[in-house]
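The values are calculated or read from the model by the stated rules, or taken from the named source; none is laboratory data. If you're wondering where the values come from, they're calculated on a predicted model, not measured in any experiment. Here the Cβ positions follow ideal geometry from the backbone for every residue, glycine too, while neighbour counts run over all protein chains shown. Ligands, DNA and RNA are excluded from the accessible area calculation, which covers all protein heavy atoms including side chains. Shrake-Rupley method; radii C 1.70, N 1.55, O 1.52, S 1.80 Å.
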Amino acid sequence: MYFDTHCHLNSDELYDNYELYINNALNHEVENMMVVGYDLQSSKRAVELAKQYDFIYAAVGIGPNDCLETTEQDLFIIDEYLNEPKVVALGEIGLDYYWDDVPREKQKEIFQKQIEIAKKHDKPISIHCRDAYEDTYQMLKLHGHRGIMHCYSGSAEMAQRFIALGYYISLAGPVTFKNARVPKDVAEKTGLEYLLIETDCPYLTPHPFRGKLNEPANVVYIAQEIAKLKNMEIEDVARMTTFNAKTILGIK
Ligand SMILES: [Zn+2]
């Protein structure tokens with residue numbers, strides 16, 4: 001029923017007990033998950049999990065906070081992983097001006113190079129964007145392609161601009177937070193045909209579990225909040241967001 005389109009079972013926090021978290025997910029009707037890499041080790045783990053479970057898919061990539069020392073050889077490894085059929089996307093990649101751990105020019109260079117790799121394989125990209133919406137938009141407009149705005153935290157108006165470029169809008173835990181006016185506004189104003197759901201676990205645990213470790217089973221709370229905001233049945237939100245996820249990720 002549910003598809004958690006962005007989880008980190010490959011993170012140190014969850015990886016030791018991934019069987020437990022996968023079982024919890026299945027018990028909550030979370031039938032598909034995409035495990036997303038952010039550096040070489042997490043990408044390798046994502047590929048291994050996707051090979052082990054037929055309902056798990058992988059994305060591989062080097063994120064903006066982990067690309068300070070990224071080399072051509074590292075990008076070649078990412079390129080090679082994309083030959084795997086269960087690797088359905090390249091990501092997470094993008095720009096992060098909040099942490100600003102890596103010079104912006106370097107972030108842009110590694111981002112752009114990975115967009116080119118994704119295009120070569122004709123696979124979508126999963127975008128990490130924090131406090132960098134305008135630059136990310138310009139990069140995507142310039143270099144084209146299609147994908148997912150993961151854990152989208154921009155405005156509803158900005159979401160329409162990304163949708164026009166071929167991107168889906170993925171909502172995570174913050175949409176459930178009481179005072180999170182902006183993501184709730186995005187959920188209300190964005191057509192369900194452009195929305196995805198995700199946990200981004202182990203981070204961003206939704207209400208009512210804030211403060212605890214997040215896991216894929218909690219994606220149900222994201223769907224529940226969207227259903228409430230849109231005045232729809234949760235089953236319809238689940239069905240449509242799963243359909244959207246399979247469409248953008250090219251899953252039959
Ligand atoms: Zn992530």
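Sort the stretch 163-213 into rounded, prolate or oblate with this rule: let a ≥ b ≥ c be the square roots of the eigenvalues of the Cα gyration tensor; rounded if a/c is under 1.5, and if a/c is not under 1.5, prolate when a/b is larger than b/c, oblate otherwise.
Here the stretch 163-213 falls in the oblate category.
Carbon and sulfur together cover what percent of the accessible area of the chain at a 1.4 Å probe radius?
Of all accessible area on the chain, carbon and sulfur atoms account for 49 percent.
Show which lysines lie in cross-link reach of Lys141 when reach means a straight Cα distance below 23 angstrom and same-chain residues fewer than eight apart are skipped.
Lys106, Lys108, Lys113, Lys119, Lys120, Lys123, Lys189
For every other residue with a beta carbon closer than 12 angstrom to the beta carbon of His145, add +1 if it is Lys or Arg and -1 if Asp or Glu, then tell me the sum.
Computed value for this residue: +3.
Counting only heavy atoms of the protein chains, get the accessible area per residue of the chain (1.4 Å probe) and round it to a whole Å² value. Write out the running numbers ahead of the final one.
On the way: 11000 Å² over 252 residues.
I get 44 Å² per residue for the chain.
Could you tally the net charge around Ala89, taking each other residue with its Cβ under 13 Å from the Cβ of Ala89, Lys/Arg +1 and Asp/Glu -1? Write down the numbers at each step before the final one.
Numbers: positive: Lys86, Lys119, Lys123, Arg146, Lys246; negative: Glu84, Glu92, Asp122, Glu198.
After counting each charged neighbour, the total is +1.
Please compute one quarter of the surface area of the Cα convex hull for the stretch 1-134 and express it in square nanometres.
8.2 nm²
Helix by helix, which DSSP H runs in the chain go 20 Å or more along their axis at the Cα atoms and have an average Kyte-Doolittle hydropathy of -0.5 or more?
Helix filter hits for the chain: 234-249.
For the stretch 57-172, treating each Cα as an identical point scatterer without solvent, what Debye log10 I(q)/I(0) comes out at q = 0.09, 0.11, 0.15 1/Å?
-0.21, -0.31, -0.59
Of all the Cα-Cα pairs you can form in the chain, what percent are over 28 Å apart?
25 percent
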